[in-house]
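Notes follow once the structure below has been shown.
The values are calculated or read from the model by the stated rules, or taken from the named source; none is laboratory data. Quick caveat: nothing in here was measured; it's all calculated off a predicted structure. In this analysis, Cβ positions are derived from the backbone assuming ideal geometry, glycine residues included, and neighbour counts consider all displayed protein chains. The accessibility values were calculated without ligands, DNA or RNA, using every heavy atom of the protein model including side chains. Shrake-Rupley method; radii C 1.70, N 1.55, O 1.52, S 1.80 Å.
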Amino acid sequence: MKTTVFSAHKFEEAHLVSANNGRHELNLLELRLTENTASLAEGSEAISLFTSDDASEKVLEKLSALEVKYIALRTAGYNNVATEKAKELGIKVSRVPAYSPYAIAEHTVALILALNRKLIRAHNRVRDMNFSLNGLTGFDLNGKTVGIIGTGKIGAILVKILHGFGCKILAHDTSEDVDLIEKYGVRYTDCETLCAESDIISLHVPLTSGTKHLIDTNQIGMMKKGVMLINTSRGGLVDTKAVIEGLKTGKIGYFGMDVYEEEEGLFFEDRSDEILQDDVIARLMTFNNVLITSHQAFLTDTALTNIAETTIYNLDCFEKGKNSENEVS
């Protein structure tokens, strides 16, 4: 089946080609899917999309006019796809529900440790032959209270890891995981209590209309002074401007982000020769207690292999008319 792969990054190409093994005709494009680039899918029955691609209603209408029938997402989240419109147009959509929850959870811990122990600043000092320890004091994770919002696959693994550090775990979710309660002493509570009692807060919920700006001025106001906030889930969960105010007042003592609500067209690209136009992220980059990675939490060989294999499997199902457990519409 001829498939146009939008946002095909160099780091994933080899994995896609290997998993495909010549089964489908893949047209790998570096360009993102937008209204202006949708025409590049002409002649393809299917397209494959990444997190930064735009599959809004207008784009889907253009794709439908080109007789595109299938969308194979290379992501778990699908908030960039107008799924109701896809159903209306008869376009089937599949995703990769789980590629490596360990990758995301481990990156979350990496951000926590790097921020706490000021590893980036320490590394830069040593490279400048500055071996002073002033200003590098961190804290013991042991005994600290960590609030985890969302205890699905990723959140549950993070619970396990942080329990090993000796942390006390608070959690907030629509349903409670009895196994986490029994094995790791997790205490489920409401979001307000979690914010008020946690030394570290980490977000692991999908982006929906109900979770957009889950962390806003009100929630930040309930947090402990000097709290560490980590987001490796979806950028829109956080009101970034509210976080900046929290950083300026010292309410937020540390902020680690792998995702950003305005990352579309910015992350995954080399902008080193350009003038940064986004004033919000530019302001974030001025804080020495902020650590930003550009949506790389998923980026492990294991995850890339799983993403590629599931994507090709989803294309196989589309081609054979077989129902896939990965379909979202």
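Side notes on the structure shown:
- Dipole magnitude for the chain: computed about the Cα centre from +1 point charges on Lys and Arg Cβ and -1 point charges on Asp and Glu Cβ, it is near 1020 debye.
- Per residue, the range 132-281 exposes an accessible area of 47 Å² to a 1.4 Å probe, with every protein chain left in place.
- Cα pair distances in the range 114-272, grouped into 5 Å bins until the bin that holds the longest one, percent each: 2, 9, 16, 20, 19, 16, 11, 6, 2, 1, 0
- Normalised per residue, the volume of the convex hull around the Cα set of the range 195-274 (Å³): 101
- Set of aspartates and glutamates with alpha-carbon distance to K224 below 12 Å, sequence-local pairs under 8 removed: E192, E197, D199
- Cross-link pairs exceeding 20 Å in C-alpha to C-alpha distance, out of K87/K322; K62/K212; K58/K320; K58/K92; K118/K251; K10/K87, comprise K62/K212; K58/K320; K10/K87.
- Per-residue [θ]222 nm for the chain (sum of -39500 (n - 2.57) over DSSP H runs n ≥ 4, rounded to 500): -10500 deg cm²/dmol
- Distance histogram in 10 Å bins (all Cα pairs of the range 122-172, percent per bin): 23, 32, 20, 22, 3
- For the pair E88 and N124, a Förster radius of 35 Å applied to the C-beta separation gives a FRET efficiency near 0.10, rounded to the nearest 0.05.
- Cα centroid separation - the range 258-329 against the range 155-226, whole Å: 23
- Karplus-based coupling profile of the range 287-304, in residue order and whole Hz: 8, 7, 10, 10, 10, 10, 10, 9, 6, 10, 4, 7, 7, 10, 4, 4, 5, 4, with θ = phi - 60° in 6.51 cos²θ - 1.76 cosθ + 1.60 and x standing for Gly or Pro.
- Debye, to nearest 20: dipole size of the range 1-154, +1 on Lys, Arg Cβ, -1 on Asp, Glu Cβ: 680
- In the chain the longest region clear of GluC sites (Glu not before Pro) that are loop-assigned by DSSP and have at most 15 other C-beta atoms within 10 Å covers 68-175.
- Square roots of five times the Cα gyration tensor eigenvalues for the range 16-78, Å: 19, 14, 10
- Rounded percent of accessible protein surface that carbon and sulfur make up, the range 190-290, 1.4 Å probe: 48
- On Cα atoms only, tilt of 240-249 relative to the major axis of the chain in degrees: 10
- Rh (Kirkwood; distinct C-alpha pairs) - the range 1-151, Å: 18.6
- Modelled label positions at Q296 and E274, each set 7 Å beyond Cα in the direction of Cβ, lie 1.9 nm from each other.
- Charged side chains reduced to their Cβ positions (Lys and Arg at +1, Asp and Glu at -1) give the range 208-247 a dipole of some 80 debye around its Cα centre.
- Taking the accessible area of the range 104-177, probe 1.4 Å, and keeping the other protein chains in place, the carbon and sulfur fraction comes to 54%.
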